[in-house]
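Engineer: Pasting in a structure now, in C-alpha cells, and then I'll have a few things to ask.
The values are calculated or read from the model by the stated rules, or taken from the named source; none is laboratory data. What you see is a predicted model, and the numbers here were worked out from it, not measured in a lab. Backbone-built Cβ (ideal geometry, glycine too); neighbour counts: all protein chains shown.
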Amino acid sequence: MATTLRPVAIHDIVPLHKITVRDDQDDFVAPNAITIAQARFETGAYDFCIWDGENRVGLLALIDMAEHKDITEIDDPNAVYVWRLLIGQDVQGAGHGQAAMAFAEDWGRERGRSMVQVQAVRENAAAIGFYQSLGYALTGREADGEVQLEKTL
C-alpha cells in the first residue's frame, strides 16, 4: 500500500495515541499524544497522520521556522524543522519514515523554504544513520543532547 500523510484530525487522536515505539526507543521521541497537544501551542507547528492505506502508522510534526517565534542559535529561519517523527513499532522499516521525510521536503519546497533541519538524540545511531541515508548531513551543532542534521532543498 502507499504511504500518505494528512493533517491530524480529531478522529485521529485516539488511534495515534495507541501507536508506540519499541521500549528501547522510548527515550528518543515523545509519545504522539504529547506531540499533538504541544503542536496546538507551538507557533508554526503542523502535525500529520501517516497512513498506510487505511491504517494509521505514525505521526510527523513539522515547524515552519519562518512562522516560529522561538528561534534559537542553531535554527535557520528559512527551514522546515522536523520536530517529531514517530513510526509505530510494528511497521518500522517498511518505508513510512522515508515517505514522511519526502513529504517534509516537498512541504518545505511548497512553502518556499530552502532546507530541512532535524535533530536526533546523540545515542540514537539508527535515526542518525537513517537521516544520513536520505542525504542529511550532520552540522556539528547540538542542543539539549541532540545532534542537528540538515539538507538543502
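Engineer: Enumerate the pairs (first residue in segment 33-48 and farther than 10 Å from ARG84 by Cα; second residue anywhere and at pLDDT below 95 and acidic (Asp, Glu)) with beta-carbon separation below 9 Å, excluding pairs fewer than 6 apart on the same chain, so at least 6 apart or on different chains.
Structural biologist: Listed pairs, sorted by first residue: GLU42/ASP70; THR43/ASP70.
Engineer: Please specify each residue of segment 1-27 satisfying the condition of being closer than 17 Å to ASP90 by Cβ and out of contact with any Lys or Arg (no Cβ under 8 Å at 6 or more places or on another chain). Spell out the reasoning first.
Structural biologist: First, the residues of segment 1-27 that are closer than 17 Å to ASP90 by Cβ: 1, 3, 15-26.
Once the filter is applied, which keeps residues that are closer than 17 Å to ASP90 by Cβ and out of contact with any Lys or Arg (no Cβ under 8 Å at 6 or more places or on another chain), segment 1-27 yields MET1, THR3, HIS17, LYS18, THR20, VAL21, ARG22, ASP23, ASP24, GLN25, ASP26.
Engineer: Can you tell me how many residues within segment 142-153 are in contact with a Gly (Cβ under 8 Å, 6 or more places away or on another chain) and not in a strand (DSSP E or B)?
Structural biologist: 1
Engineer: Would you confirm whether or not segment 25-45 contains a residue that is among the charged types (D, E, K, R) and under 23 Å from GLU110 (Cα atoms)?
Structural biologist: yes
Engineer: Scan segment 104-141 for residues that are free of Cβ contacts under 8 Å to residues at least 40 places away in the same chain, surrounded by fewer than 20 Cβ atoms within 10 Å (Cβ to Cβ) and either among the polar types (S, T, N, Q) or in a strand (DSSP E or B) (or both) and report the count.
Structural biologist: So the count comes out to 7.
Engineer: Among the residues of segment 16-34, how many are out of contact with any helix residue (DSSP H, G or I) (no Cβ under 9 Å at 6 or more places or on another chain) and not charged (D, E, K, R)?
Structural biologist: Adding up the residues that qualify gives 1.
Engineer: For segment 21-55, name all the residues that are surrounded by 15 or more Cβ atoms within 10 Å (Cβ to Cβ), in a loop (DSSP other than H, G, I, E, B) and at negative phi.
Structural biologist: Within segment 21-55, VAL21, PHE28, VAL29, ALA30, PRO31, GLU42 qualify.
Engineer: Still on this structure: Among what's in segment 58-103 and is assigned to a helix (DSSP H, G or I) and not hydrophobic (A, V, I, L, M, F, W, C), pick the residue that is surrounded by the fewest Cβ atoms within 10 Å (Cβ to Cβ).
Structural biologist: Quick first cut of segment 58-103, residues assigned to a helix (DSSP H, G or I) only: 89-91, 96-103.
Keeping just the survivors that are not hydrophobic (A, V, I, L, M, F, W, C) gives 89-90, 96-98.
Details: GLN89: 13, ASP90: 11, HIS96: 21, GLY97: 23, GLN98: 15.
Among residues in segment 58-103 that are assigned to a helix (DSSP H, G or I) and not hydrophobic (A, V, I, L, M, F, W, C), the one surrounded by the fewest Cβ atoms within 10 Å (Cβ to Cβ) is ASP90.
Engineer: Here's a follow-up. Give me the pairs, please: first residue somewhere in segment 4-18 and over 9 Å from ILE50 (Cα atoms), second residue anywhere and assigned to a strand (DSSP E or B) and basic (Lys, Arg), beta-carbon distance under 7 Å, and either six or more positions apart or on two chains.
Structural biologist: Pairs found: ASP12/ARG56; PRO15/ARG56; LEU16/ARG56.
Engineer: Which of the numbered conditions does GLU67 fail, given that it passes all the others? Conditions: (1) farther than 25 Å from THR20 by Cα; (2) touching a His at 6+ places or on another chain (Cβ under 7 Å); (3) not hydroxyl-bearing (Ser, Thr, Tyr).
Structural biologist: That leaves (2) as the condition not met.
Engineer: Select from segment 39-85 the residues that are aromatic (Phe, Trp, Tyr) and under 15 Å from GLN148 (Cβ atoms) and list them in ascending order. Before you say what the answer is, go through the steps one by one.
Structural biologist: Taking segment 39-85 first, the residues aromatic (Phe, Trp, Tyr) are 41, 46, 48, 51, 81, 83.
Within segment 39-85, TYR81, TRP83 qualify.
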